[in-house]
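So the structure is just underneath, and the comments pick up after that.
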Amino acid sequence: MGVGIQVEDLNAWYGSTHTLQDINLHIPANHATALIGPSGCGKSTFVRCLNRMHETNPIARATGVVKMGEVDIYREASPVEIRRRVGMVFQRPNPFPTMSIYDNVISGLKLNGFRNRRVLDETVERSLRQAALWEEVKDDLKKKSGASLSGGQQQRMCIARALAVDPEVLLMDEPASALDPVSTSKIEDLIFQLKSQYTIVIVTHNMQQAARVAENTGFFLNGKLVEFDSTHKIFTNPRDKRTEDYITGRFG
Amino acid sequence: MSAEREHGATSPVKPTVSVVSAPKETQVTTTEPVSQVRQFLNARGSGLIADRSFAALMLACACSIFLIVLFIFWILIKNSHLSLNAFGWKFFVREAWDPVSGDFGALPFIYGTLATSLLALAMAVPLALGVAIFLTELCPRPLRAPISFLSELLAAIPSVVYGLWAVFVLVPLMRDTLGPFLVKTFGWTKLFDGPNFGVGILTASIILAIMILPIISSITRDIMKAVPNSQREAVLALGATRWEMIRIGVLRNSRIGIVGAIMLGLGRALGETMAVTMVIGNHPDISKSLFAPGYTLASVIANEFSEATGDLYYSSLIEIGLALFLVTIVVNAIARLMVWAVTRGAPSRIS
Amino acid sequence: MSTQPLQSQSLGDPRKPSRVNILRRSISDHIVTGLAILATILVLAPLAAILFYLVYKGASSLNLAFFTHIPAPVGEEGGGMANAIVGSGIILALASLMGIPVGIAAGVYLAEFGSGTFLGNAVRFTADVLNGVPSIVMGIAIYSLIVKPHPPYSAFAGGVALAIMMVPTVTRTTEEMLVTVPHAVREAALGLGVPKWRTVLSVSLRTASPGIITGCMLAFARVAGETAPLLFTAFGNQFWSLRLDQPIAALPLQIYVYAISPYDEWHRLAWAGSLVLIALIMVSVTLVRIFANRGVLKGGS
């Protein structure tokens with residue numbers, strides 16, 4: 001089940017570049033929230049602050065409060081603990097090239113020491129079904145390498161891998177941008193199905209995608225959160241002129 | 001305020017929010033138990049200690065490389081202090097080498113090392129450059145891989161095997177064929193006086209040249225490959241011939257790197273031991289003739305170290321080793337810097 | 001206005017080189033091409049000569065006895081280099097056990113923790129410089145460290161001398177192979193909450209392992225042929241010995257001793273030994289070539 005995320009006065013830097021400025025918002029649990037904005041506006045950075053992935057870059061820094069449920073993720077937990085509670089799907093599928101499909105999906109469990117064979121088998125099936133990939137690969141789980149699938153299948157496998165750890169939050173950074181339209185629509189269907197079970201944050205360039213899958217949408221511009229409201233409101237009657245300009249395609 | 005658990009309903013949430021009035025957001029207000037997987041993962045620690053120890057261990061192993069260099073330096077100095085005290089810096093300009101009377105001077109070895117190395121370079125560099133040019137610019141594509149593979153094989157042949165071949169093939173060749181030919185054609189240079197037994201400075205230089213060719217050639221190739229194609233195209237577009245394109249577009253840009261490659265070859269030549277020892281004659285002479293036997297710094301150590309009775313003898317040999325160590329370090333350091341300056345970013349070849 | 005074809009350069013169209021100029025440049029071009037081809041032939045010729053001679057001289061001396069017998073006393077026929085082959089195996093095993101883990105760990109540091117840092121660059125530079133130190137210097141250094149205070153010569157000392165020669169090579173090849181692992185793959189593991197040490201071991205190293213293994217083989221092949229560092233550490237042994245604390249025979253050492261000896265029978269053995277040594281090294285180098293390509297492709301995205 002998902003938790004909500006509370007963000008207060010979040011600021012982030014890459015070296016001396018101030019990439020996020022004073023972000024405040026609340027991401028509701030068990031809903032899908034979309035983040036839109038032109039390239040370089042900071043939405044990817046923001047999402048990576050939610051599971052402390054931006055820290056993997058040695059020159060990155062962040063201040064502020066991010067609360068996942070009741071836990072202040074920066075002061076009350078370690079990055080590793082947080083990332084175990086949050087699943088992340090990246091822009092390009094990144095399966096582990098030396099592992100089979102089976103091993104890829106349960107890698108989050110196996111690499112953290114989980115050994116129970118029966119539960120692992122069940123988890124693989126559950127996650128692949130959730131990712132709508134089970135039927136296509138169920139006969140080749142251990143025979144085929146994760147990297148031998150098509151692009152769309154790889155991404156769904158990465159989603160299964162993220163879901164296998166039973167996360168409370170699912171972060172998706174432009175998950176369909178590298179995929180063809182058929183795979184894209186499959187993934188959007190997935191998100192629609194999953195959002196009742198998890199809190200989903202999806203970064204997207206594609207405004208129609210945001211409109212299709214998310215209840216709430218946030219508009220980022222130049223490192224600032226300009227507007228955050230229900231998707232319907234953002235796309236029909238935005239409060240801020242900049243939002244309106246972006247929606248209507250005047251820039252970005 | 002919004003009821004946040006309504007599925008599909010639009011729940012407008014303002015950015016400046018204090019929605020903490022919402023009920024507990026953690027899982028269990030539904031009837032679903034926390035799954036076994038989640039329980040397991042929540043119970044795992046942060047792994048901070050393991051991470052820190054691992055990083056420390058890797059760092060320690062990386063620093064071991066410094067330790068190896070420092071250790072060699074330290075132990076060589078420690079074991080050569082006898083001769084350092086006895087002879088001082090003059091050790092390297094004295095021409096003596098008399099273990100019986102305890103009189104040691106390293107000048108003959110320095111001469112032998114320099115003579116063979118420089119002569120070897122003079123023979124090897126043009127050939128190595130030629131091969132590098134051929135392989136990078138002129139060679140038809142299908143031949144490229146086999147020929148470069150063959151030249152890598154040259155680098156893989158051990159020194160002692162080169163020496164063996166040199167003793168049984170090169171030495172007779174020098175004695176019976178090449179030597180007389182050189183005397184006949186170039187005798188006027190006075191470089192080929194004296195008896196020719198096949199062993200000597202020239203033979204050692206030839207086998208040395210064969211041995212340092214691969215490294216000069218392969219590094220030069222890497223450097224030439226690092227020159228962007230746009231340079232070549234720009235020169236060609238001006239109407240240059242192929243050789244001019246190579247000269248102006250490629251070689252001119254990689255001059256520094258090629259000097260570095262040559263210096264790496266020099267470094268290899270200075271320290272080469274086995275093959276040289278087997279064909280140089282092992283006599284601490286300084287003579288103008290290329291047929292004369294000689295002695296290099298590395299050879300004298302190889303030949304006399306196990307029989308070195310007496311502490312001064314042992315210490316002198318260690319001091320020679322120290323000199324060899326320092327010189328090759330300096331030459332290699334300068335060479336690597338030059339090569340790095342040109343191929344910056346591209347991985348350097350291990351050799 | 002004259003319409004005659006112009007001969008002298010100063011009156012011609014300045015954009016068009018004169019015929020003489022073009023001819024001269026074309027000749028230079030061909031000369032250089034010829035020289036380059038000649039150089040290549042001159043370089044490959046000794047290789048061919050050495051290999052051919054080696055096979056010619058060595059193959060006739062290779063028999064079963066070579067691989068099973070120790071050297072016969074001087075003057076007697078027969079005998080072999082079995083003890084040297086086994087001895088080399090032991091020394092190389094020791095050297096690999098000591099040198100390869102340290103080298104891989106140092107390479108891991110360079111690629112995963114220290115890339116771009118000053119310390120990382122210093123380590124990498126020092127490793128490259130250490131590669132250029134003459135092997136005889138390593139030999140006398142280890143002699144002074146181990147053999148002199150604790151005589152006699154020993155297989156262990158030989159192993160240590162070869163190990164410190166392997167470390168820089170293994171370090172650099174490990175680093176190069178780890179760098180080819182795409183960052184996205186590491187991010188995938190980190191994003192799952194896998195601690196960094198586990199990511200490095202189970203993801204980075206595993207992905208790069210074909211290339212790393214071939215790097216180790218490269219280092220192995222390189223030190224397998226080294227004689228100088230063993231001269232004063234392992235020293236050599238005419239008899240069977242498997243002890244680590246006694247002198248031990250080694251193939252390159254034995255070849256050297258036989259080559260400079262005055263006995264024809266020993267010369268014969270030296271050729272045979274060289275053939276065996278070269279064969280082993282060539283096999284390793286060829287395997288490295290084959291695997292190096294596959295390794296990069298496999299580790300790539």
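Just so it is clear, none of the values below were taken in a lab; they were calculated from the coordinates. Worth saying up front: this structure is predicted, and the values here are computed from it rather than measured. Ideal geometry is used to build each Cβ from the backbone, glycine not excepted, and the neighbour counts take in all protein chains shown.
Rounded if a/c is under 1.5, else prolate if a/b beats b/c, else oblate: with a ≥ b ≥ c from the C-alpha gyration tensor eigenvalues square-rooted, which is the range C:11-92? The shape class here is prolate.
Please find the FRET efficiency linking C:SER60 to C:ARG289, where r is the Cβ-Cβ separation and R0 is fixed at 25 Å, and quote it to the nearest 0.05. Could the numbers behind the result be given before it?
Details: r = 29 Å, r/R0 = 1.18.
Plugging the Cβ-Cβ distance into 1/(1 + (r/R0)^6) gives 0.25.
So if we plug the beta-carbon distance of B:ARG247 and B:LYS190 into 1/(1 + (r/R0)^6) with R0 = 25 Å, what FRET efficiency do we get, rounded to 0.05? Walk me through the numbers before you get to the answer.
Working: r = 36 Å, r/R0 = 1.43.
Approximately 0.10, to the nearest 0.05.
Relative to the longest principal axis of the Cα atoms of chain B, helix B:255-271 runs at roughly 60 degrees.
Within chain C, the longest run free of GluC sites (Glu not before Pro) that sit in a DSSP loop with at most 16 other Cβ atoms within 10 Å is C:78-301. Backbone phi angles across the range B:169-175, fed through the Karplus curve with coefficients 6.51, -1.76 and 1.60 (θ = phi - 60°), yield HN-Hα couplings of 10, 5, 4, x, 4, 5, 5 Hz in residue order; Gly and Pro are listed as x.
3J(HN,Hα) couplings calculated from phi for the range A:114-131 with the Karplus curve 6.51 cos²θ - 1.76 cosθ + 1.60 (θ = phi - 60°) are, in sequence order, 6, 10, 5, 4, 5, 5, 4, 4, 5, 5, 4, 5, 4, 5, 5, 5, 4, 8 Hz; Gly and Pro show x. Remark: for residue pairs A:LYS186/C:LYS196; A:LYS43/A:LYS241; A:LYS143/A:LYS186; B:LYS225/C:LYS16, the C-alpha separation exceeds 26 Å in A:LYS186/C:LYS196; B:LYS225/C:LYS16.
Using helices alone, I'd like the mean residue ellipticity at 222 nm for the protein assembly as shown: each DSSP H run of four-plus residues gives -39500 (n - 2.57), total over residue count, nearest 500. Each step should come with its number before you reach the end.
Working: 35 runs with 495 residues, N = 904.
Computed mean residue ellipticity for the protein assembly as shown: -17500 deg cm²/dmol.
Straight Cα distances below 29 angstrom link B:LYS184 to the lysines B:LYS288, with same-chain residues fewer than 8 positions distant left out. The length gained on full extension between B:PHE149 and B:VAL100, counted as 0.36 nm times the residue separation minus their Cα-Cα distance, comes to 12.7 nm. The percentage of C-alpha pairs in the protein assembly as shown whose separation is greater than 49 Å is 39%.
Bridge orientation summary for chain A: considering DSSP beta bridges with both residues in this region, about 60 percent are antiparallel. Distance between the modelled labels on C:ARG243 and B:HIS283, one decimal in nanometres: 4.2 nm (7 Å Cα→Cβ projection). With Cα atoms defining each centre, the range C:152-198 and the range B:254-278 are spaced 28 Å apart in the structure.
Using the 10 angstrom Cβ neighbour count as an exposure proxy, how do A:HIS26, A:HIS18 rank, fewest first?
Details: A:HIS26 24, A:HIS18 14.
So the residues, fewest neighbours to most, are A:HIS18, A:HIS26.
Build a GNM of chain B with springs between Cα atoms under 10 Å apart, and of B:THR220, B:THR177, B:THR116 the one that fluctuates most is B:THR177. Look at the dipole of chain C built from charges on Cβ: of C:GLY80, C:TYR143, C:SER209, the Cα furthest out on the positive end belongs to C:SER209.
Distance between the pseudo-spin-label points of A:ALA132 and C:ILE31 (7 Å out from Cα toward the beta carbon): 7.3 nm. Relative to the dominant Cα principal axis of chain C, helix C:155-179 is inclined by about 40°. The loop-placed trypsin sites (Lys or Arg not before Pro) in the range A:152-252, going by DSSP, that have at most 12 neighbouring Cβ atoms within 10 Å of their Cβ come out as A:ARG239, A:ARG250.
What the phi angles of the range B:283-292 give under the Karplus curve with 6.51, -1.76 and 1.60, with θ = phi - 60°, is a coupling list of 9, x, 9, 10, 9, 6, 6, 7, 8, 5 Hz, glycine and proline written as x. Spatial offset of the range B:85-147 relative to the range C:76-136 amounts to 24 Å, using the alpha carbon center of each. Close amide H contacts of A:LYS144 (hydrogens built in the peptide plane, cut-off under 5 Å, sequence separation of 5 or more or a different chain): A:ILE101.
With a cut-off of 12 Å on the backbone N, no residue of the range A:161-205 is near the modelled label site 7 Å out from A:THR236 along Cα-Cβ.
With the simple spin-label model, which puts each label point 7 Å out from Cα in the Cβ direction, the A:GLU70 to A:LYS224 separation comes to 3.6 nm.
Decide, for the range A:86-161, between rounded, prolate and oblate: order the square roots of the alpha carbon gyration tensor eigenvalues as a ≥ b ≥ c, take rounded if a/c falls under 1.5, and otherwise choose prolate if a/b is larger than b/c, else oblate.
Verdict is rounded for the range A:86-161.
In a DSSP loop and with at most 11 other Cβ atoms within 10 Å, the trypsin sites (Lys or Arg not before Pro) in the range A:29-117 are A:ARG75, A:ARG115.
Principal-axis analysis of the Cα atoms of chain B puts helix B:311-342 at an angle of about 50° to the longest axis.
Set the Förster radius R0 to 60 Å, insert the Cβ-Cβ distance between C:ASN21 and B:LEU84 as r into 1/(1 + (r/R0)^6), and round the FRET efficiency to 0.05. All intermediate terms of the calculation are to be shown ahead of the outcome.
Working: r = 63 Å, r/R0 = 1.04.
Once the sixth-power term is evaluated, E becomes 0.45.
Based on the alpha-carbon gyration tensor of the range A:129-235 and its eigenvalue square roots a ≥ b ≥ c, which shape applies: rounded if a/c is under 1.5, prolate if not and a/b is larger than b/c, or oblate?
Numbers: a/c = 2.33, a/b = 2.00, b/c = 1.16.
Taking the square roots of the gyration eigenvalues as a ≥ b ≥ c, the range A:129-235 is prolate.
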